[in-house]
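The values are calculated or read from the model by the stated rules, or taken from the named source; none is laboratory data. Since this is a predicted model, take the numbers as computed values, not measurements. Heads up, the Cβs are rebuilt from the backbone with ideal geometry, glycines too, and the neighbour counts pull from every protein chain shown.
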Amino acid sequence: MKNNKMHKLPSVSEILNKVRLQKIHNESFIKFKIKKEIDRYRKLAKKDQLFLSRDEITHEIIEKLLNFSMPSIKSVINGTGIVLHTGLGRAPLSSKTVSNISKKMSGYVNLEYDLETGKRGHRQKHISELISSVVGSQDAIAVNNNAAAVLLSLNELAEHKEVIISRGQLVEIGGSFRIPDMIAKSGCKMVEVGTTNRTHLKDYENAINPNTGLILWVHTSNYTITGFTKDVDISELVGLGKKNRIPVMADLGCGEILDLSHKGIPTNIIVNDVVSVGTSITTFSGDKLLGGPQSGLIVGSKALIKRIRNNPIARTVRCDKWTISILEETLRTMQNGGLNDNLAISLLMSSRKSLRKRAEKIVNQIPKKILKKHKLNIVETEVESGSGTLPNKSLESIAISFESTLLSPSQLSNLFRSKNIPVVGYIKKNKFYIDFKSIIPKQEKILLNAIVEVLGL
């Protein structure tokens with residue numbers, strides 16, 4: 001019986017000949033994929049679990065190969081309402097920013113070349129002063145993400161020494177990134193003080209000894225502890241550090257540069273405020289509330305930043321020319337106060353009133369025959385900012401909810417995701433939603449066409 005099922009399997013050359021007709025190139029890669037797929041079907045046959053015919057197997061493999069030949073990174077319409085959606089690339093970049101960067105990147109750039117002296121320069125010079133001017137630090141360096149920023153800083157400041165941290169700040173973020181693991185990998189010994197809900201200054205004082213290398217304060221950006229609680233203000237730790245000549249490092253993660261509470265964005269913790277109290281080193285993300293590319297920014301005293309810059313690990317986590325250039329563009333925008341040019345910030349600031357107008361404009365253009373078959377409602381929603389920022393702080397938004405007797409919420413979700421430009425929404429209480437907080441205005445026409453096509457099937 002199993003042998004009969006093995007006979008169903010097509011040969012590599014058989015499929016390859018048919019693939020050539022589809023004009024899929026790169027034969028070595030295609031052969032590799034064909035062999036891999038046939039092996040998968042062979043395993044099913046051996047288990048007596050292969051129920052497809054030879055033609056069906058061939059068809060499935062060719063379909064997969066066609067998908068493999070297409071770019072896997074696609075432009076997506078984010079209808080989740082989560083502006084800083086990690087799965088969808090976090091902070092989106094404006095067309096103006098991308099255009100300005102693309103013009104430079106079409107050829108060579110002076111990444112590490114000093115045009116004044118004609119000698120080799122340093123890539124950090126393009127952004128270090130900009131970062132410092134925005135947050136008020138003596139110096140700064142950028143690396144490829146905030147996890148790298150934390151690891152690099154810990155390694156340089158406290159390798160083989162003890163790092164004191166409150167038990168209430170042993171954070172885990174997405175992807176199982178844990179502060180205790182980072183401390184261990186950096187070559188430091190973690191010393192926990194206090195309890196989960198209450199930590200006092202005396203807990204830190206009692207833990208200090210000749211082998212103490214660093215006091216670490218971590219902002220719990222993706223959760224809050226309420227009730228019978230006590231934590232130590234960062235300014236108190238800075239005072240304790242100065243008294244004992246121990247550097248104090250703050251990991252802020254979310255990277256909120258400006259207080260935009262008057263613009264509808266709840267205030268979390270401002271980088272400038274932490275830097276101003278005298279932290280030795282402060283780290284934060286560039287692709288969260290800064291609205292820039294994936295990066296980790298390290299700011300602090302000139303002497304310590306110089307040490308961090310010269311650490312061998314710094315080269316392994318350095319930013320490329322694209323990241324440096326986008327960071328420069330983003331920081332200049334922040335410096336000049338042109339928040340409308342910062343797409344992520346602009347989306348986060350969008351009011352419920354403006355979002356309602358945009359949703360109404362789209363619904364009003366949908367043919368009436370479609371609206372008779374499917375029930376669409378414009379509803380008020382509450383959404384998260386995303387990426388572990390602003391915990392327990394929701395943002396007001398507007399969404400279109402879809403109810404249909406012809407299509408289930410999961411079917412709607414699948415159909416929207418299958419478009420050439422996929423539309424990603426969410427299902428809640430047996431309804432499918434497309435939320436406008438995270439929808440880029442220039443994509444509205446594409447969204448309208450997608451709605452008409454999906455509901456008009």
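A few notes on this one:
- Which listed residue is at pLDDT below 85, within 28 Å of residue 418 (Cα to Cα) and assigned to a helix (DSSP H, G or I), from 5, 64: 64
- Search result, residues across the stretch 248-282 that are over 21 Å from the mean Cα position of the chain (by Cα), in a helix (DSSP H, G or I) and within 14 Å of residue 136 (Cα to Cα): 272, 273, 274, 275, 276
- Test for residue 203: is it surrounded by fewer than 20 Cβ atoms within 10 Å (Cβ to Cβ), part of a loop (DSSP other than H, G, I, E, B) and free of Cβ contacts under 8 Å to residues at least 40 places away in the same chain: no
- Test: residue in the stretch 403-422 that is over 20 Å from residue 384 (Cβ atoms), assigned to a strand (DSSP E or B), in contact with a His (Cβ under 9 Å, 6 or more places away or on another chain) and of a type outside the set (D, E, K, R): yes
- Residues that are in contact with a helix residue (DSSP H, G or I) (Cβ under 8 Å, 6 or more places away or on another chain) and either loosely packed, with under 12 Cβ neighbours inside 10 Å or at pLDDT below 80 (or both), drawn from the stretch 47-61: 48
- Annotation: of all residues in the stretch 218-245 being over 26 Å from residue 177 (Cα atoms) and part of a loop (DSSP other than H, G, I, E, B), the one that is farthest from the chain's Cα centre (by Cα) is 245.
- Output for the stretch 290-323, where each listed residue is crowded, with 21+ Cβ neighbours inside 10 Å and closer than 30 Å to residue 263 by Cβ: 290, 291, 292, 293, 295, 296, 297, 298, 299, 300, 319, 323
- Criterion: assigned by TED's automatic domain parsing to the domain that holds residue 238 and either surrounded by 15 or more Cβ atoms within 10 Å (Cβ to Cβ) or among the β-branched types (Val, Ile, Thr) (or both) - qualifying residue of 192, 172: 192
- Considering residues of the stretch 345-396 that are among the small types (Gly, Ala, Ser) and under 28 Å from residue 295 (Cα atoms) only, the residue farthest from the chain's Cα centre (by Cα): 350
- Exactly one residue out of 394, 410 is modelled with pLDDT of 95 or more and touching a strand residue (DSSP E or B) at 6+ places or on another chain (Cβ under 9 Å), and it is 410.
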